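The values are calculated or read from the model by the stated rules, or taken from the named source; none is laboratory data. Note that the structure is a prediction, hence the values are computed from the model and not measured. Because the Cβ atoms are built from the backbone with ideal geometry, glycine has one as well, and the counts that use them run over all protein chains shown. Note: areas computed on protein heavy atoms with side chains; ligands, DNA, RNA excluded. Shrake-Rupley method; radii C 1.70, N 1.55, O 1.52, S 1.80 Å.
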Amino acid sequence: MAIGFKTYLNCVSSRLVCAVIHQLTGVAITASNLCLYKQHEVDLVGEVAKLLSLPIVNGINCQVKLTENGQLFFYPMPNAPSLALKSHMENRGVSVRDTLYQYWNVNGDYRVGDRRNWPSPFLLNLFRQYPDLMIKAPVSHDTPVRHGRLLRHLSRKFSSSQRLAINQLELETIIHEFCQQDLKQSRKIQAWLPSVGDITQVRYVETLTSEIRQSPYFYIKNVCPHRIAKIGSADRSNHRVKSDDLGVIVALNSRPETGDAQRIESIIRSELAKFHIHPIDGKKDHYAMHLIELAPLVLNILANKKSLHPLLHSITATSTSK
């Protein structure tokens, strides 16, 4: 009932499939479980996507509720950027946009990302003139980066329009046509990292989703707002890197108890020191370099350490390092 044109649910993901399974059966499984099943030729996410004729979009998430009569309903997550916009329009004015969004960004009340993803003052002013209108982003674009793309599209669309009236039906059509087209486009990503040994290709993504952040892994990430990059290891934790960090994750063919991620971190620090690249004062793993400068050096070190190559399972990087 939630699938079709101009509906909230316009794609599926491993997170969504896990949430539905939990609602229907009470069994809690993770994205890692689904990846393991897929390796054994049981592709649950792919089968669901095929049956519903929906695309797979990694990283999307929403609330799933099961009614007493067995119907599934899908809602935005409590911290979704669409709800941040709704809250702003209902309770605040345009004049506090920066203060409010900055507060949400820092404190995590809503996942709004950086300033590039926030609604423009023009768009907020426009919708103050039409208080009954609602921007309802589908689940595919209820993440900070994609929601930001949608808002920029609406700003361009209406800034070039000479019409004085906008109705909800027209707005929803514009939103969903853009989102469907945006999902179909293969986004051109410029490779900015070297390959490592037998890992022939670095995978680039917009966000480092929980499926990617499965320990053990080694990582390099930007530490905002300074021009500082941090290297680190996660043998047992999946939370050393957040989904909206700019960074690189090197997933390992290893087990948590072996401590291989920490060993690789120690090797990298030692090798960087040989090139007179040392951590900043008072830190052991923070470097006065931007991610785009430090990450290629680290991957070149890994490329030259042939003994480490069997441990390297995959390398995933954010599509932008700026």
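Within the stretch 62-78, being within 28 Å of residue 204 (Cα to Cα) and open to solvent by less than 70 Å² (accessible area, probe 1.4 Å) holds for 62, 63, 76, 77. Among the residues here, residue 240 qualifies as under 17 Å from the mean Cα position of the chain (by Cα) and either open to solvent by 20 Å² or more (accessible area, probe 1.4 Å) or closer than 24 Å to residue 283 by Cα (or both). Among residues of the stretch 100-125 that are part of a helix (DSSP H, G or I), those with a beta-carbon under 7 Å from a residue that is among the hydroxyl-bearing types (Ser, Thr, Tyr) at least six positions away or on a different chain give the pairs 104/110; 122/155; 122/159; 123/155. Scanning the stretch 307-322 for residues that are over 28 Å from the mean Cα position of the chain (by Cα) and hydroxyl-bearing (Ser, Thr, Tyr) turns up just one, 307.
Number of residues in the stretch 251-307 that are under 11 Å from residue 231 (Cβ atoms) and in contact with a His (Cβ under 7 Å, 6 or more places away or on another chain) equals 1. Of the residues screened, residue 97 is not one that is farther than 20 Å from residue 59 by Cα and either within 17 Å of the chain's Cα centre (by Cα) or surrounded by fewer than 16 Cβ atoms within 10 Å (Cβ to Cβ) (or both).
Go through the stretch 263-290 residue by residue and tally those that are under 23 Å from residue 318 (Cβ atoms) and out of contact with any Phe, Trp or Tyr (no Cβ under 7 Å at 6 or more places or on another chain). Residues meeting the conditions: 10.
Every condition in (1) open to solvent by 80 Å² or more (accessible area, probe 1.4 Å); (2) within 17 Å of residue 140 (Cβ to Cβ) holds for residue 81 except the one numbered (1). For the stretch 49-61, how many residues are open to solvent by 50 Å² or more (accessible area, probe 1.4 Å), in contact (Cβ under 8 Å) with a residue 12 or more places away in the chain and among the hydrophobic types (A, V, I, L, M, F, W, C)? Adding up the residues that qualify gives 2. Among the residues of the stretch 279-306, those identified as closer than 16 Å to residue 219 by Cα, more than 27 Å from the chain's Cα centre (by Cα) and not in a helix (DSSP H, G or I) are 279, 284.
What about residue 273, is it open to solvent by less than 20 Å² (accessible area, probe 1.4 Å) and either of a type in the set (Gly, Ala, Ser) or touching an Asp or Glu at 6+ places or on another chain (Cβ under 7 Å) (or both)?
no
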